[in-house]
1. Taking the range 105-147 as the region of interest, how many residues are within 22 Å of VAL64 (Cα to Cα), aromatic (Phe, Trp, Tyr) and open to solvent by less than 30 Å² (accessible area, probe 1.4 Å)?
2. Residues in the range 44-57 that are near ligand 1 (Cβ under 8 Å from one of its atoms) and either open to solvent by 40 Å² or more (accessible area, probe 1.4 Å) or at positive phi (or both): how many?
3. So which residues in the range 15-34 are in a loop (DSSP other than H, G, I, E, B), modelled with pLDDT under 90 and of a type outside the set (S, T, N, Q)?
4. Could you list, in sequence order, all residues of the range 75-99 that are open to solvent by less than 50 Å² (accessible area, probe 1.4 Å) and within 23 Å of the chain's Cα centre (by Cα)?
5. Would you call VAL9 in a loop (DSSP other than H, G, I, E, B) and over 30 Å from ASN134 (Cβ atoms)?
6. Without any contact (Cβ under 8 Å) to a residue 60 or more places away in the chain, within 14 Å of ligand 2 (Cβ to nearest atom), in a loop (DSSP other than H, G, I, E, B) and open to solvent by less than 70 Å² (accessible area, probe 1.4 Å): which single residue out of CYS102, CYS60 fits that description?
7. Can you work out which of the residues in the range 72-99 that are assigned to a strand (DSSP E or B) and of a type in the set (A, V, I, L, M) is nearest to ligand 2 (Cβ to nearest atom)?
Amino acid sequence: MIKYFINIVAGAISLMKGLFVTFKNLFSKAVTVQYPTQKLQMTERYRGLVDLRIEKCIKCYMCVKICPTACLALAHKETAEKKKEFVYFKYNMELCCFCGLCDQVCPTQAIYLNQIYEIAVYGRDKLRDIDLLNTEKYGEWAHPTVK
Ligand code: SF4
Ligand code: SF4
């Protein structure tokens, strides 16, 4: 008989504990967002898509050499004034493992991983031969930040 009443009290305490957590969170600020209408800004160290600050690149090929999956392709030519000019700088996202080694090794912080995280596409061809010299390359993937 005593055990019966102990169980009732224990159940009531347990219920109160649960309700306390519910009420505590009912009036606190939500930590979730209404995706996809609301989107979060990724942190600075987030590893999104490989991107390039074109004017900073000195064509040293360090990023190309260190890339473990060979997804970067760079070529340049020298002008009559002995200046290096890009021929192409391409990125194959299909092979990229987002390790960030290219970012780490770049002596001028020209290459980096941006904050874009919605990278699903309908065709694999969109992942290959991304022209890093095209400033609009990620236009359709970029999205406004909702704070
Ligand atoms: S993040 Fe890694 S795999 Fe991707 S391009 Fe850079 S070095 Fe290569
Ligand atoms: S490591 Fe940096 S500076 Fe060198 S080629 Fe790559 S992006 Fe350009």
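1. Qualifying residue count for the region: 1.
2. Pass one, the range 44-57, residues near ligand 1 (Cβ under 8 Å from one of its atoms): 47, 50.
The next check asks that each one be either open to solvent by 40 Å² or more (accessible area, probe 1.4 Å) or at positive phi (or both); those that pass are 47.
Final tally of qualifying residues: 1.
3. Passing the criteria: PHE27, LYS29, ALA30, VAL31.
4. If the condition is that a residue be open to solvent by less than 50 Å² (accessible area, probe 1.4 Å) and within 23 Å of the chain's Cα centre (by Cα), then PHE89, TYR91, ASN92, MET93, CYS96, CYS99 are the ones that fit.
5. No; evaluated as a whole, the condition is false for this residue.
6. Numbers: CYS102 fails: in a loop (DSSP other than H, G, I, E, B).
Going through CYS102, CYS60 in turn, the sole match is CYS60.
7. LEU74
The values are calculated or read from the model by the stated rules, or taken from the named source; none is laboratory data. Because the structure is predicted, anything quoted here is derived from the model rather than measured. All Cβ positions, glycine included, derive from the backbone under ideal geometry; neighbour counts span all protein chains shown. Areas reflect the complete protein model, heavy atoms only, side chains present, ligands, DNA and RNA absent. Shrake-Rupley method; radii C 1.70, N 1.55, O 1.52, S 1.80 Å.
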